[in-house]
C-alpha cells in the first residue's frame, strides 16, 4: 500500500462522506476532487502567515489590524484544499504546504475565545483532521496543544459572561459551540465531545423558536443573521459524527432552514435591519456597507448555507434546488457531493 493509499484509508474524526473513499466515486465527487487538487497544487509554494489575534468582530474594515487579519484568514481555506490534496495524492508539495499552514497558525495565533473571530479557524480545524495521519508525532502534539488552548479560551470567554448575556443564546453561542464541537472531535476527546453535545442541545432550545425563527432574526430584524446562525448549525450537522445530534435536534434545525423558504423562493420579502437596535448594525449602515442597509434581503445570500445543508437535511431539497449549480468554491461543491447531495 502506498503512502497516499494509507492516508486515504485512515479514519478521520469528522465526517467527510465519500471524499476519501477508495474505489469508484460518484461522477460529481470525482470531478470536484480534481478541481480541489488543481487549486491546491497552484498554491503548493505558498507560505502562510498567521496573526497573533484575529480582529474582525465589532470592527470596520478601515480600523487598525483588520486588513492584516482579513488577509491572513482569507488564506485558511487554501490550507484545507492542500490537506485534501495531500490525503488524496500523497504529494509532498501539498503535504508540506498544508503542514506549514497548520503550524503557522498553531504557533503564532493566541486564542481569546471570541467566536465571531475564531469561527474563521474552522477550515483550519478541518484541515488538521484531514492531515492527522500525515503529521509527524511532534507536529501533531503542536496541533493538539493548539486545539486544547482554543477550546479552553472559548470556555473561559463564556465563563466570564453573566448568564443573562445574549451572547449565550444568539449566533455567538452557536459559533462558539461549532468551534468547540469540531475541535473536540479532532482531538478525539470523548469528554469534550459529550459536553459539547449537551451544550449544543441546550443551546438549540434557546436559539431557535418553535416556528424556526432564530433569536438573531428577532433581535436584529435581519435574515442576514438568521442565515449566519444557521451556517454554524449546518456545519455541525454536516461534519460531526452520526449521533451527535438527536432526531429532535435535527428537526429543530430543519425548521430553522424551512423558515427561509418563503424568502428564498420569493413568496415573501423582508427588509433588513429596520428594527435593529444593535449599535454596530447602525454603524455599518452609516459606513455604507451594502449588506447592512434597510433594503430587501437577497435570496442569493443563503446559497452557500443551503448548498451545504442539503446534504444533512434532504427535506429542504425540493425548495432549494436553485442553489445547486457550479458557482461555488470547489471545496464546497466537493463537500456537498461527498456528503450525499449531488
Q) Would you say residue 87 is assigned to a helix (DSSP H, G or I) and more than 30 Å from residue 21 (Cβ to Cβ)? A) no
Q: Return yes or no: is residue 127 farther than 24 Å from residue 237 by Cβ and not assigned by TED's automatic domain parsing to the domain that holds residue 191?
A: no
(Q) Could you check the stretch 260-282 and list, in sequence order, the residues that are farther than 14 Å from residue 216 by Cα and modelled with pLDDT of 95 or more? (A) 261, 262, 263, 264, 265, 266, 267, 268, 269, 270, 271
Q.
With the condition being under 18 Å from residue 226 (Cβ atoms), I'd like the helices (runs of 4 or more DSSP H) fully within the stretch 273-342 carrying at least 2 qualifying residues.
A. 279-286, 303-312, 317-320
(Q) I need a count of the residues in the stretch 256-269 that are surrounded by fewer than 20 Cβ atoms within 10 Å (Cβ to Cβ) and in contact with a strand residue (DSSP E or B) (Cβ under 7 Å, 6 or more places away or on another chain). (A) 1
Q: Within the stretch 55-87, track down each residue that is under 16 Å from the mean Cα position of the chain (by Cα) and closer than 17 Å to residue 107 by Cβ.
A: 73, 75, 76, 79
Q: Please work out which one of (1) surrounded by fewer than 16 Cβ atoms within 10 Å (Cβ to Cβ); (2) free of Cβ contacts under 8 Å to residues at least 24 places away in the same chain is the condition residue 199 fails and give its number.
A: (1)
Q. Has the stretch 295-307 got any residue that is over 19 Å from the mean Cα position of the chain (by Cα), in contact (Cβ under 8 Å) with a residue 12 or more places away in the chain and closer than 26 Å to residue 14 by Cα?
A. no
Q: Select from the stretch 56-90 the residues that are touching a residue at least 60 places away in the same chain (Cβ under 8 Å) and within 27 Å of residue 34 (Cα to Cα) and list them in ascending order.
A: 77, 80, 81, 84, 86, 87, 88, 89, 90
Q. Could you count how many residues in the stretch 244-280 are under 24 Å from residue 115 (Cβ atoms) and free of Cβ contacts under 8 Å to residues at least 24 places away in the same chain?
A. 2
Q.
With the structure loaded, tell me whether residue 197 is under 13 Å from the mean Cα position of the chain (by Cα), part of a helix (DSSP H, G or I) and under 29 Å from residue 341 (Cβ atoms) or whether it fails that test.
A. no
Q | Unique residue being more than 30 Å from residue 174 (Cα to Cα) and assigned to a helix (DSSP H, G or I) when the list is 34, 71 | A | 34
Q: Go through the stretch 239-272 and count every residue that is in a loop (DSSP other than H, G, I, E, B) and either within 30 Å of residue 129 (Cα to Cα) or assigned by TED's automatic domain parsing to the domain that holds residue 125 (or both).
A: 7
Q) Does any residue of the stretch 208-220 turn out to be farther than 30 Å from residue 145 by Cα, surrounded by 22 or more Cβ atoms within 10 Å (Cβ to Cβ), touching a residue at least 40 places away in the same chain (Cβ under 8 Å) and touching a strand residue (DSSP E or B) at 6+ places or on another chain (Cβ under 7 Å)? A) yes
Q: List the number of the failed condition for residue 239; all other conditions in (1) touching a residue at least 12 places away in the same chain (Cβ under 8 Å); (2) surrounded by fewer than 20 Cβ atoms within 10 Å (Cβ to Cβ); (3) out of contact with any helix residue (DSSP H, G or I) (no Cβ under 6 Å at 6 or more places or on another chain) hold.
A: (2)
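The values are calculated or read from the model by the stated rules, or taken from the named source; none is laboratory data. Just so we're clear, the structure is a prediction, and the values are computed from it rather than from any experiment. We place every Cβ from the backbone using ideal geometry, glycine too, and count neighbours over all the protein chains shown.
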